[in-house]
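Below: one structure, written as structure tokens.
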Amino acid sequence: MNPTLTASAGVIAPLSPADLEKELQSALYEQRTSMVEFLIERGMFCVSMTVVATILLIFLFVTKEAVPVIFGRTDTARSGIVMNPAELGRMSSKQVGEFLGQSPSVVENLPANTLAELVLERNKELAKESNPDAKLNTTTWSMMTLPFQWSGDSAPTYKWQPVGNIEKYNFIPLLWGSFKVTLIALLVATPISLMSAIYVSQLATERMRELIKPSIELLAGVPSVVLGFLALMVLAPGLKEILGTHSMLNSFVAGLVLALAVIPIIFTIAEDSLSAVPQTHRDAALAMGAGRWDAAIRVVLPAAAPGVCAAVVLGFGRAIGETMVVVMASGNAADLSWSIFDSVRTVTAAIAAELPESATGSAHYQVLFLIGSVLFLITFFTNVTAEYILQRLRESLEGATAAEDHGLMNEGAAASPAGASGGGYVNTVV
Amino acid sequence: MTRISVPLNLPTGLVPPPDKGTRMSVRLGPVPVDEALAASAEQERKANVPPILDIHGLSLFYGSTQALHGINMQIPRNCVTAFIGPSGCGKSSLLRCLNRMNDFVPDMRIAGRILFQNQDIYAPQINPTRLRRYIGMVFQRSNPFPQSIFDNVAFGLRLHKMGNAATIRDQVEEALRKVALWDEVKDRLNTNALNLSGGQQQRVCLARAIAVQPQVLLMDEPASALDPIATAKIEELILQLREHYTIVIVTHNLQQAGRCSDYTAFFYLGHLMEHDTTENIFSSPREEATEAYINGRFG
Amino acid sequence: MTNSAPATNGEKASPLNPDQSMAALAADLHSNPVFTRANVFTALFAGASYTLSGVLVAILLFLLWHGGRGLSLDFIFSRASPTSDVAAYGTAGVFDMLYGTICLVALMILAVMPVGIITGVYLCEYTDPKSTLARITRSAVNNLAGVPSIIFGMFGLGFFIYFLGGSIDSYLLGSAAPVFKKPSLLWAALTLAVLTLPVVIVSTEQALRAVPRAFRDAALGLGATKAQTLVKVVLPQAAPGIITGGILAVSRGAGEVAPIMLTGATIFSPTLPGSLTDKFMELSYHIYIMCTQPAHVEAGRAQLYSTVVVLLFLTFFLNVAAIVVRAWARRFMRRMSANI
């Protein structure tokens, strides 16, 4: 026996059973640490819940600003409102401000007689208003979504003209623009990113993979304002030279650059799903004489198909929500047109370009928040769908139980005589 | 975790283990002569000591699967008890119940009770983290922290505030001496423990576990990932540590159970088939299944 | 397989006699056609990948080439001039924008890291991944990552400025003039913090998952509580991964325009932001303004390119750094779990 061991063996005297029992009776029931643990956990729970709350708050506060227009309580009709200067004292500065088209603080700082004069002027202006459209409330749901024949027009049209004599808030052209640009972006981005994903995850050599994968993922690190800048300064003039298009900034340019913003998303998720297909599937195909290409297309791709779909769905969500590229490169004309070389205005571009300039609480402001909520709902359902698909895929690919996760399967790994010297050990080394 | 109460089963008495000298032994290294003499007296003393762990009607469920079926057994103080059985028989699960490491498995439910020195460790007021200071554990794969050897062994001491900087140094040295590692590492206590060999790492883990002076040491196949020489060292340590600790060891290696345990419990499909002195289990098992397993007919 | 003819070229497989079979086998084993469908498609797919990598490299080189020339310490440390002041285009710098961006991002990180790390830790360490709570939280995180950035801007405007700022002004300060109820550095930073929250949460979670379970078991087995295990064993090992998340958040936040244009960025301000309630100039917003409302396109071009390069250093190259740190951390983890 090791002499050092016997020498030191007596240092720790084992407790007698009675002593031990006495010690345990106090030690094991010590609750302070449990209480601290409990409080820590509760605290962390509350912080985590703020994330869930945030999603709700985003929807709530974006929709909140649009509530009057959603429930038809906003009215832009002007004929009926004529203000009596004598009643000024009884009106809030906000009401007067709205009538005059000024902010309440400006109204408050004006002397009473100037204010009365301004109100008279405004009354005269309104009386002169000959356009019958001025009597219309342009913020009803039908005016915002259905075509309308404006006076002077020959046919009903969809019009988004929030600034001008008559404010027109039909947001169908904006949705059309968003979908058009998104579609162009997806048509460009989907094939090329899926091809790259298959190549990188299945066909490329280890070295190539190490090189290409990060460089495609890094495309996501280029800020969208820089992409927009490139579209505006480089691509658009270049394409106009080559194609001779009518407008320099159009949905094609925007879609093309938007594709660059979407590619990393589609690529990353598709590549992840393809790589998550167990190696054994591929090995089985290879062992039967299939080439890497056949194994990739016939075995791995079908197994990862849901993930690839989810990648495209998420790409859609990203593209429709992208702001800076489209606001800089799409031309911002809210027209309904089929040509991909016409300018468009998307939902995001409208919000980004118009919200900073709209008066808080005005009809324009409310309608912008309304289309913001619509956009939020679109992306929300897109995300939920993609997540559902990915969740299903993950479950079908793993199927691990809780007990396995917690290392209770070690037993199984080491059970067979061959694995007795640590099956799990080998797995981690390889 | 939910808990179902079941009435107390009366423990079945255990036959005291035979004298150590006559124990079926494939022990490594020479057996000192005086040890054999002292052993019989000590044996007598042990037979009268109440068990340190007393398991009553313990059933364990992971979700809808039942991993243990009404286990009743007593684990005697200052002895080595080996759990053997084919894989999936629940021996590791039972081991993890003994210091409530199973608490971390979601969907785990337990019925029955485990008494540790007459304290029901699944009683609601029990603080499981305090329990684990008294019932330590060594895992299948050595898992030293990516810190220095010294910090590894001192981890538990600092955690439980067992002493100041100076006494911790002594305690670390003592723990390392107990696992026969002191001479090997005393000049490089500040190097990363992950740079040691597999066997040394496992001994660091052992030292880390005994540094906090637990009453019981649970070992979950402590040598299964080690080479034969390192395994022999661990077994030798188990035999020495028995003097001060109650040791429960799960093993797949029947020779190992035979070499270093006093009692052996054989599990099969979540049932405790047989629990007796190691010699009885190996030489004259009462159950057919035990005999089949011992003779390598299954598992 | 030995007694069937090669079926790769669409010929029907038929049994052969042993002699023919040997010859056919030899021929098949040695045939190595170049223009098979598989090879052509592989080449096509490879081409797509190289093109994408090439696009990135081309963008970077193009920008560095055009913008690098105008870069100098002078440019970085000179004060900005109003975009309408064409005469000052040659001498104006980006100091104000850089200062604003750094303040913004620093505040953002202060806000996002604690919340993000705690949520990531809670998700990974305290919840069963299959529980409803974990599913809902994870789903919220994923959804937050997919919300368009302009919506964050609207949220910042509606929630932070009008609701929170308005409440502070009327209930705490009781002032008539808006102090908090207006776009400012504070609200812009908080808006960006919400936007970058998923980045930090996901990075934290991944970093924690990469820490082998054996370390947790070891600490718990010694009687450490969950929190002690976390602080003493798990978090130190996950730190590189968590820091990566922080860097990624900075890189993301510094490049965003849409949220801050509604919540605090300004086209021009003669002074640097001195307090949380000041408006500020910001690099990416400045690029947007110079692109869309230039006083003089050609005169501003060189300055614009240089500004873009400065922004790229704050976003793209930080991203590269994050990926390098992550790769290093991952390799370190792998080595560690192989050792134990």
Exercise for the section: Let me know the Rg and Dmax you get for the stretch A:269-382 when you use only its Cα atoms, in Å. Expected result: 21.7, 69
Practice task
Please tell me the relative contact order of chain A in percent, rounded to the nearest whole number, where contacts are Cα pairs under 8 Å and at least six residues apart.
Solution key: 17 percent
Problem - Cα pair distances exceeding 15 angstrom across the stretch A:230-317, given as percent - result: 67 percent
Exercise for the section: For n ≥ 4 DSSP H runs only, could you compute -39500 (n - 2.57) per run for chain C, divide by its residues and tell me the 222 nm figure to the nearest 500? Expected result: -21500 deg cm²/dmol
Exercise for the section: Provide, in order from the shortest bin, the percent of all Cα-Cα pairs of the protein assembly as shown in each 10 Å bin, continuing until the bin that contains the maximum pair distance. Expected result: 2, 9, 15, 17, 15, 13, 11, 9, 5, 2, 1, 0, 0
Exercise for the section: Would you mind calculating the gained length between B:Ser64 and B:Asp120 on full extension (0.36 nm times residue separation, minus the Cα-Cα distance), in nm to one decimal? Expected result: 17.7 nm
Completion exercise
Most exposed to least, judged by fewest other Cβ atoms within 10 Å, A:Val51, A:Val312 sort to A:Val312, A:Val51
Handout entry: Spherically averaged projected area in nm², based on the convex hull that wraps the Cα atoms of the stretch C:251-340
Key = 8.5 nm²
Fill in the blank from the handout: Rounded to two decimals, the Rg over Rh value of chain C from Cα coordinates and the Kirkwood Rh reads 1.16
Completion exercise
Expected integer from the mean partner chain Cβ neighbour count at 10 Å over C:27-35 is 0
Problem - Cut-off under 5 Å, modelled amide H: who pairs with B:Met137 long-range - result: B:Leu218
Practice task
Give, as a single signed number, the net charge of other residues whose beta carbon lies under 11 Å from the beta carbon of C:Val202, with Lys and Arg counted +1 and Asp and Glu -1.
Solution key: +1
Problem - Simple Cβ-charge dipole of chain C, Lys/Arg +1 and Asp/Glu -1, about Cα centre, in debye nearest 20 - result: 820 debye
Completion exercise
Mean-square fluctuation maximum in Gaussian network of chain A, Cα pairs under 10 Å, restricted to A:Leu175, A:Leu390, A:Leu146, hits A:Leu146
Completion exercise
Using the Kirkwood formula on alpha carbons, the hydrodynamic radius of the stretch B:152-225 in angstrom works out to 12.6 Å
Handout entry: Extended-chain gain in nm, criterion 0.36 nm per residue less alpha-carbon gap, C:Leu173 and C:Thr132
Key = 10.6 nm
Practice task
Ignore the peptide's own chain and count Cβ atoms of other chains within 10 Å of each Cβ in C:155-161; give me the average, rounded.
Solution key: 6
Practice task
Scan around A:Thr157 for amide H atoms under 5 Å from its own, H built in the peptide plane at 1.01 Å from N, and keep only partners 5 or more places away or cross-chain.
Solution key: A:Phe148, A:Gln149, A:Trp150
Exercise for the section: Take the Cβ-Cβ distance between C:Arg209 and B:Ile229 as r, set R0 to 41 Å, and report the resulting FRET efficiency rounded to the nearest 0.05. Expected result: 0.70
Exercise for the section: Using θ = phi - 60° and the Karplus relation 6.51 cos²θ - 1.76 cosθ + 1.60, list the HN-Hα couplings for the stretch B:104-110 in order, rounded to whole Hz, with x at every Gly or Pro. Expected result: 7, 8, x, 6, 8, 10, 9
Problem - Rounded Å value of the spacing that divides the Cα centres of the stretch A:163-177 and the stretch A:255-332 - result: 35 Å
Fill in the blank from the handout: Taking the convex hull of the alpha-carbon atoms of chain A and averaging its shadow over every direction gives an area in square nanometres of 39.6 nm²
Practice task
Between C:Gly264, C:Gly70, C:Gly274, find the one with the highest GNM mean-square fluctuation for chain C; connect C-alpha pairs within less than 10 Å.
Solution key: C:Gly274
Handout entry: Dimensionless Rg ratio for the stretch C:25-152, taking C-alpha atoms and the 2.2 N^0.38 Å reference
Key = 1.90
Problem - Largest to smallest principal axis extent of the C-alpha atoms in the stretch A:161-291, angstrom - result: 73, 31, 26
Handout entry: Which of C:Val211, B:Val204 has the fewest Cβ neighbours within 10 Å, and the rest in rising order
Key = C:Val211, B:Val204
Problem - 10 Å Cβ neighbours from other chains, averaged over peptide A:273-280 - result: 0
Practice task
Would you please give the residues with an amide H less than 5 Å from that of B:Ile249, counting only those at least 5 places away or on a separate chain, with H modeled from the backbone geometry?
Solution key: B:Thr81, B:Ala82, B:Phe83, B:Met219
Exercise for the section: Could you run the Karplus curve 6.51 cos²θ - 1.76 cosθ + 1.60 with θ = phi - 60° over the stretch B:52-69 and give me ³J(HN,Hα) per residue in whole Hz, x for Gly and Pro? Expected result: 7, 10, 9, 9, 10, x, 7, 10, 10, 10, 10, x, 9, 8, 9, 8, 9, 10
Fill in the blank from the handout: Expected vector for the stretch A:234-249, Karplus 3J(HN,Hα) from phi with 6.51, -1.76, 1.60 and θ = phi - 60°, integer Hz, x for Gly and Pro, equals 10, 5, 4, x, x, 5, 5, 4, 6, 8, x, 6, 5, 10, 5, 9
Exercise for the section: Subtracting the Cα-Cα distance from 0.36 nm times the residue separation, let me have the gained length for A:Glu23 to A:Ala53 in nm, one decimal. Expected result: 6.1 nm
Completion exercise
In this structure, the FRET efficiency calculated for A:Lys64 and C:Thr271 from their beta-carbon separation, with R0 = 30 Å, to the nearest 0.05, is 0.30
Completion exercise
Exposure proxy check on C:His296, B:His160: fewest-to-most Cβ neighbours within 10 Å is C:His296, B:His160
Practice task
Could you check which residue among A:Ala304, A:Ala66, A:Ala204 shows the biggest mean-square fluctuation in a GNM of chain A with a 10 Å Cα cutoff?
Solution key: A:Ala204
Practice task
Can you tell me the order of B:125-137, A:277-289, C:20-32 when each peptide is scored by its average per-residue count of other Cβ atoms within 10 angstrom, highest first?
Solution key: B:125-137, A:277-289, C:20-32
Problem - Ellipticity estimate at 222 nm from DSSP helix runs (n ≥ 4, -39,500 (n - 2.57)) divided over chain A, nearest 500 - result: -19500 deg cm²/dmol
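Each value in this text was obtained by applying a stated rule to the coordinates, not by laboratory testing. Every value quoted in this text rests on a predicted model; they were computed, and no experiment measured them. All Cβ positions, even for glycine, are placed from backbone atoms using ideal geometry, and neighbour counts span all protein chains on display.
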